[in-house]
Every structure is written in structure tokens, then in C-alpha cells.
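Colleague: Next up is a structure, given as C-alpha cells.
The values are calculated or read from the model by the stated rules, or taken from the named source; none is laboratory data. Everything quoted here is computed from the prediction, not taken from an experiment. So basically every Cβ, Gly included, is an ideal-geometry build from the backbone, and we count neighbours across all protein chains shown. What goes into the accessible areas is simple: the full protein's heavy atoms, side chains included, and nothing from ligands, DNA or RNA. Shrake-Rupley method; radii C 1.70, N 1.55, O 1.52, S 1.80 Å.
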Amino acid sequence: MVSILPESDLRQDFARRRTRQWLLVIPMVLAIIAIRAADTGEDFVYGLPSGVVIGIGFALLIGGIIFSLINWRCPACSKYLGKAINPTFCGKCGFKLK
């Protein structure tokens, strides 16, 4: 499915998607830190039982991965953009993202 929007609108959409990807790093890193802190063998971490902290951390990580799979798509063809955080073009349709 190729978009019929003007290229400038598609590039703005890509810029918004890239910003959301960068903002996703914050909760992902915090989730990893929380999981690591809860895995020290202590009963309570951050005032919560360790198991709860680990569960919340993994839930955040899984949610972040799902969000990334939905968000990180080419605005022109809607195909996944892959692992690169700052691609210059879509590897599937060739749309110039910048």
C-alpha cells in the first residue's frame, strides 16, 4: 500500500515516528534498571516486592517492543523500517525519508 500524501507530509510523519522511537528509549532503560535492581535478591525494591518490580519491568519492555513494531514503519508503504534508528530511505519501497 503506497500513500497518496505529499512527500513533505510523509517526511514529517517519519520525523514524528523517529521522535517517538527516541522517547521510547527512556522507559525501556528505566525498565531494565528496575529489573536489574530487583534481581539483587532483596525482598523489596523501590518500596515494592521484587517480583512486582520485575513483572512491571518486563511488561514495560514487552509493551515497548510492541509499540516499536507498530510505530517504526515507513510512512509511504507501512513496512517495518528495521533496526536502524535513523534510516535515510525505506529498504522496502525506496522512499527517501529525509
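Colleague: Determine which single condition Ala37 fails, assuming it passes every other condition in (1) without any contact (Cβ under 8 Å) to a residue 12 or more places away in the chain; (2) over 14 Å from the mean Cα position of the chain (by Cα).
Modeller: (1)
Colleague: Select from segment 43-89 the residues that are under 30 Å from Ser8 (Cα atoms) and charged (D, E, K, R) and list them in ascending order.
Modeller: Hits for segment 43-89 are Arg73, Lys79, Lys83.
Colleague: Next question. Among the listed residues Thr19, Thr40, which satisfies the condition of being part of a loop (DSSP other than H, G, I, E, B), exposed (fewer than 12 other Cβ atoms within 10 Å of the Cβ) and of a type in the set (Ser, Thr, Tyr)?
Modeller: That would be Thr40, the only listed residue that is part of a loop (DSSP other than H, G, I, E, B), exposed (fewer than 12 other Cβ atoms within 10 Å of the Cβ) and of a type in the set (Ser, Thr, Tyr).
Colleague: Could you check segment 33-70 and list, in sequence order, the residues that are at pLDDT below 95 and β-branched (Val, Ile, Thr)?
Modeller: Once the filter is applied, which keeps residues that are at pLDDT below 95 and β-branched (Val, Ile, Thr), segment 33-70 yields Ile33, Ile35, Thr40, Val45, Val52, Val53, Ile54, Ile56.
Colleague: Looking only at residues that are among the aromatic types (Phe, Trp, Tyr) and touching a residue at least 24 places away in the same chain (Cβ under 8 Å) in segment 43-88, which one is surrounded by the fewest Cβ atoms within 10 Å (Cβ to Cβ)?
Modeller: Out of the qualifying residues, it is Phe58.
Colleague: List the pairs whose first member sits in segment 7-26 and is farther than 17 Å from Cys93 by Cα, whose second member is open to solvent by less than 90 Å² (accessible area, probe 1.4 Å) and modelled with pLDDT of 95 or more, and whose Cβ atoms are under 6 Å apart, counting only residues at least 6 apart or on separate chains?
Modeller: Pairs that qualify, where the first residue is farther than 17 Å from Cys93 by Cα and the partner is open to solvent by less than 90 Å² (accessible area, probe 1.4 Å) and modelled with pLDDT of 95 or more, are Arg17/Asn71; Arg20/Asn71; Gln21/Trp72; Leu24/Gly64.
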